[in-house]
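First up is the structure itself, then whatever we jot down about it.
No value in this document is a laboratory result; all are computed from the given coordinates. If you're wondering where the values come from, they're calculated on a predicted model, not measured in any experiment. Cβ sites come from the backbone with ideal geometry, for glycine too, and all protein chains shown count toward neighbours.
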Amino acid sequence: MEDIQTKLIDLAKKAQEKSYSPYSKFAVGAALITQDGSIFTGCNVENISYGLTSCGERNTIFKMISEKGPNAKIKALALSTKADIPCSPCGACRQVILEFSTPETLVFFKGKSGYVSYAVKDLLPGAFTEFEAVGHDGSSTTIQSGI
Ligand code: THU
């Protein structure tokens, strides 16, 4: 897995060069490998209406699903920043990563003292993965995320 980590961090660094981040000036790149060996990269894309900004991790995952279809799963995902300063995935991205992960999926990012590797379940303990949808007729259906 160390080879994959090095390769994904390298690809994330290349992807961050494409970042559109004129407002925060904080370029983020991401790269992932799917369970069947495909690679996808992406970057953050900001907007003058700040809340419309889309993070590097999510853009990369949405590329993966758009290209490979709904059953694609992430084997590992890395993120990097322009200044190579510590940056962990935001909460929203953690939830999206989880949606397309397996119990083995790993996430690599720079912590305070170098790159760290996390299992997705440890990035989002107590994650929202299931709810009861109650219909108008009172019927109840359990909705679960793909993991
Ligand atoms: N950003 C990401 O792309 N991923 C994260 O996990 C954290 C934040 C971006 C969003 C915004 O363009 C910039 O970093 C500053 O928040």
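Structure values in brief
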{"item": "Residues satisfying the stated conditions in the stretch 24-62, i.e. assigned to a helix (DSSP H, G or I), more than 9 Å from the ligand (Cβ to nearest atom) and under 11 Å from the mean Cα position of the chain (by Cα)", "result": "Thr60, Ile61, Phe62"}
{"item": "Residue match in the stretch 90-99 (condition: at negative phi, acidic (Asp, Glu) and over 11 Å from the mean Cα position of the chain (by Cα))", "result": "no"}
{"item": "Matching residues, the stretch 81-115, being in a loop (DSSP other than H, G, I, E, B) and either hydroxyl-bearing (Ser, Thr, Tyr) or crowded, with 22+ Cβ neighbours inside 10 Å (or both)", "result": "Ser88, Pro89, Phe100, Ser101, Thr102, Thr105, Ser113"}
{"item": "Ala78 vs. criteria aliphatic (A, V, I, L, M), in contact (Cβ under 8 Å) with a residue 60 or more places away in the chain, in contact with a helix residue (DSSP H, G or I) (Cβ under 8 Å, 6 or more places away or on another chain) and surrounded by 14 or more Cβ atoms within 10 Å (Cβ to Cβ)", "result": "yes"}
{"item": "Selection status of Lys121, touching a residue at least 60 places away in the same chain (Cβ under 8 Å) and either of a type in the set (D, E, K, R) or farther than 20 Å from Leu8 by Cα (or both)", "result": "no"}
